[in-house]
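Each value in this text was obtained by applying a stated rule to the coordinates, not by laboratory testing. These figures come from a predicted structure and were not determined experimentally. All Cβ positions, even for glycine, are placed from backbone atoms using ideal geometry, and neighbour counts span all protein chains on display.
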Amino acid sequence: MLGMLYLRQRELMYPRDPAKADIATAGLVAAEEASIATADGERLVAWVVPPRADKPVLLYFHGNAGNLGRAGRAGRFRALTEDGTGLFAVSYRGYGGSTGSPSEEGLLQDARAAYGAAAERFGTGRLVGHGESLGTGVVLKLAAEVPLRAVVLEAPYLSTVSVAQAIYPYVPVGLLMKDKFRSDEIIGRVKVPLLVMHGERDQLIPFAQGQALYELANAPKRFLRFPAGRHEDLPRYGSVAEVRRFLADVAKGGPAGAETRTVGGPAAKAGASP
């Protein structure tokens, strides 16, 4: 079993869909498909929605499954951009039309390339890093290197080792894993306003990990707990409105200090399916 896990670990960690999603079917207003080159020679697909007026641009790093057009992800993109907020979402290497194969170092190369392309087009002052699940570790690595206006983390982890250990409690995953994404070691280097959102019913990344990562972060920061939220359904419980509120606060020079808040009510009252 250990040999299988070691040999197949990246296949298990990155259950990608290599087919390029059709941006025309995503329902995004004024959306464009872009092609960007990485420093190590890969070619990546990106979806771009230009911002309206003085709105920020979400530099978006997706989760580990599917592609940009995955069910639920395109809908999240639509909701996030409805108010004129821009989007620059990159398809990692090996995912949805992009060349190469994913790895921790490879995804960081992808993030750097996406940042360079987005900054060239929109300027660094408008870029807000947004990470979803696996993408939270990617955006934190980037935010530790380059200037961003703010960072949004949705269902983050302390490390991918800690997530894997919860799934395989009797396996020495720390010794086996190649891609560890140590967000717990990186987040202290992030110095911009931070929003962390996590569902208490998250069945993949324990809520306690998102909460613990938030505690390690520098202020200004905001932590939102969603009692009914699972791993991918936070928009159902108001996360998009909370992202907008956070971005509006950032535009006004906030938020200040550290804030923890509950969004929605208890799971039993929110109508979440088990």
Response to the item:
Treating only Lys and Arg (+1) and Asp and Glu (-1) as charged, each at its beta carbon, one finds that the chain has a dipole about its Cα centre, in Debye to the nearest 20, of 380 debye
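In the neighborhood of Gly229, defined by Cβ-to-Cβ distances under 12 Å, what is the net charge if each Lys or Arg adds +1 and each Asp or Glu adds -1? Walk me through the intermediate numbers first.
On the way: positive: Arg201, Arg225, Arg230, Arg236; negative: Glu154, Glu200, Asp202, Glu232, Asp233, Glu242.
After counting each charged neighbour, the total is -2.
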Worksheet entry | 19 Å Cα cut-off, lysine pairs counted over segment 132-241 (separation 8 or more, or different chains) | 5
Worksheet item: Between segment 1-36 and segment 183-242, how many Å separate their Cα centres?
Response: 23 Å
Worksheet item: How would you classify segment 127-274 from its alpha-carbon gyration tensor, with a ≥ b ≥ c the square roots of the eigenvalues: rounded for a/c under 1.5, else prolate if a/b is greater than b/c, otherwise oblate?
Response: oblate
Worksheet item: Which of Ser101, Ser183, Ser133 comes first, and how do the rest follow, when ranked by fewest Cβ neighbours within 10 Å?
Response: Ser101, Ser133, Ser183
Worksheet item: 222 nm [θ] for the chain, helices only, -39500 (n - 2.57) per DSSP H run of 4+, per residue, to 500?
Response: -9500 deg cm²/dmol
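Quick check: residue separation of Ala248 and Leu216 times 0.36 nm, minus the Cα distance between them. What number comes out in nm?
On the way: separation 32, 0.36 × 32 = 11.52 nm, distance 2.42 nm.
9.1 nm is the gain from fully extending Ala248 to Leu216.
Take Asp83, Asp110, Asp54, Asp22 and order them by how many other Cβ atoms sit within 10 Å, fewest up front. Present the calculation step by step, with values, prior to reporting the outcome.
Values: Asp83 15, Asp110 29, Asp54 8, Asp22 11.
With the fewest neighbours first, Asp83, Asp110, Asp54, Asp22 line up as Asp54, Asp22, Asp83, Asp110.
Can you bin the chain into rounded, prolate or oblate? Criterion: square roots of the alpha carbon gyration tensor eigenvalues sorted a ≥ b ≥ c, rounded for a/c under 1.5, prolate for a/b above b/c, oblate for the rest.
rounded
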Worksheet entry | Cleavage-rule hits (trypsin sites (Lys or Arg not before Pro)) in segment 153-217: DSSP loop, at most 15 neighbouring Cβ within 10 angstrom | Lys178, Lys191
Worksheet item: With a 10 Å Cβ neighbour count serving as the proxy for reagent exposure, in which order, fewest first, do Ile167, Ile36 appear?
Response: Ile167, Ile36
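Assuming a ≥ b ≥ c are the square roots of the Cα gyration tensor eigenvalues, decide whether segment 92-135 counts as rounded (a/c under 1.5), prolate (otherwise, with a/b larger than b/c) or oblate. Walk me through the numbers before you get to the answer.
Working: a/c = 2.35, a/b = 1.69, b/c = 1.39.
Prolate, since a/c reaches 1.5 and a/b exceeds b/c.
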Practice prompt. Would you mind telling me which residue in Leu175, Leu87, Leu58 has the biggest mean-square fluctuation in a Gaussian network model of the chain, where springs connect alpha carbons within a distance under 10 angstrom?
Written response: Leu175
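Cβ under 13 Å from Ala144's Cβ, Ala144 left aside: what net charge do those residues give with Lys, Arg +1 and Asp, Glu -1? Before the final figure, lay out each step's value.
Details: positive: Arg112, Lys141, Arg182, Arg189, Lys191; negative: Glu145, Asp184, Glu185.
Around Ala144, the surrounding residues sum to +2.
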Practice prompt. Report the local net charge at Leu87: Lys and Arg +1, Asp and Glu -1, summed over other residues whose C-beta lies under 14 Å from its C-beta.
Written response: +3
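Determine, from the Cβ-Cβ distance of Ala79 and Val171 and an R0 of 35 Å, the FRET efficiency 1/(1 + (r/R0)^6), rounded to the nearest 0.05.
Details: r = 38 Å, r/R0 = 1.08.
Result of the calculation: an efficiency of 0.40.
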